[in-house]
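The values are calculated or read from the model by the stated rules, or taken from the named source; none is laboratory data. On a predicted model such as this, the values are computed, not experimentally measured, just so you know. Methodologically, a virtual Cβ is constructed for each residue, glycine included, from the backbone with ideal geometry; neighbour enumeration extends over all protein chains shown.
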Amino acid sequence: MVIKKEIIIHSDIEKCWNVLGKDFANVHKWASVVKHSEGSGDSFNGASCSERGCNVKGMGALKEKLINYSDDTHSFKYEITEGLPSMAKEGTSSWKLTTISTDKTNLMMEMNMDISGFIGTIMKPLMKMKMGSMVNQLLEEFKFYVENEKPHPRKLKTIK
């Protein structure tokens, strides 16, 4: 199952990268589905950590391990090493920022999940719809956070 989405952020690429890449460990600051996140492991290609643990609404505890990270290309890719549903053999997520202009940046996110088994085959359309909606929400909240320098109202509701 592949979900690929993108969004334009009205901000320069470095400001976007500071939140997305340099602060990789702290996705909980802007994503409403992430109740808590924490970095661990040694530095990885310039990233402050090599792994991130997240408590995700509806999924529970996830562990994510960086497999690619580049300050030069403003991109990273991680694999989910713990917490996938039993019907998923593996999951990865790639994030990449590209400059459109001095005050516009494109964010492209691609999620890949290998779904298997009888239940997985039956659940795949529903999972794709639910995960696609979650990715849309993540991108919208990231955009809001960078452009407004504060969390999206949806995130603020989860904090209260």
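In this entry, ASN106 is excluded by the filter for residues that are without any contact (Cβ under 8 Å) to a residue 40 or more places away in the chain, touching a strand residue (DSSP E or B) at 6+ places or on another chain (Cβ under 7 Å) and either closer than 20 Å to ASP23 by Cα or aromatic (Phe, Trp, Tyr) (or both).
When GLU147 is tested against (1) without any contact (Cβ under 8 Å) to a residue 60 or more places away in the chain; (2) over 24 Å from GLU51 (Cα atoms), only condition (1) is not met.
Working only within the stretch 79-131, note down all residues that are among the basic types (Lys, Arg), more than 17 Å from the chain's Cα centre (by Cα) and at pLDDT 95 or above.
Residues of the stretch 79-131 that are among the basic types (Lys, Arg), as a first pass: 89, 96, 104, 124, 128, 130.
Narrowing the set further to residues that are more than 17 Å from the chain's Cα centre (by Cα) leaves 89, 104, 124.
Of everything in the stretch 79-131, just one residue is among the basic types (Lys, Arg), more than 17 Å from the chain's Cα centre (by Cα) and at pLDDT 95 or above, namely LYS104.
Here ASN136 meets the list (1) touching a strand residue (DSSP E or B) at 6+ places or on another chain (Cβ under 9 Å); (2) crowded, with 17+ Cβ neighbours inside 10 Å; (3) of a type outside the set (Gly, Ala, Ser); (4) outside any strand (DSSP E or B) almost entirely, failing just condition (2). Pairs meeting the criteria (first residue in the stretch 110-121 and surrounded by 13 or more Cβ atoms within 10 Å (Cβ to Cβ), second residue assigned to a helix (DSSP H, G or I) and charged (D, E, K, R), beta carbons under 8 Å, at least 6 apart or on different chains) are ILE115/LYS124.
Restricting to the stretch 107-121, what's the tally of residues that are part of a helix (DSSP H, G or I) and over 25 Å from GLU82 (Cβ atoms)?
Quick first cut of the stretch 107-121, residues part of a helix (DSSP H, G or I) only: 117-121.
Okay, now just the ones that are also over 25 Å from GLU82 (Cβ atoms), so none.
Matching residues across the stretch 107-121 total 0.
Against the test of being in a helix (DSSP H, G or I), farther than 13 Å from LYS5 by Cβ, touching a Phe, Trp or Tyr at 6+ places or on another chain (Cβ under 9 Å) and among the charged types (D, E, K, R), the options LYS124, LYS150, LYS155 yield a single qualifying residue, LYS155.
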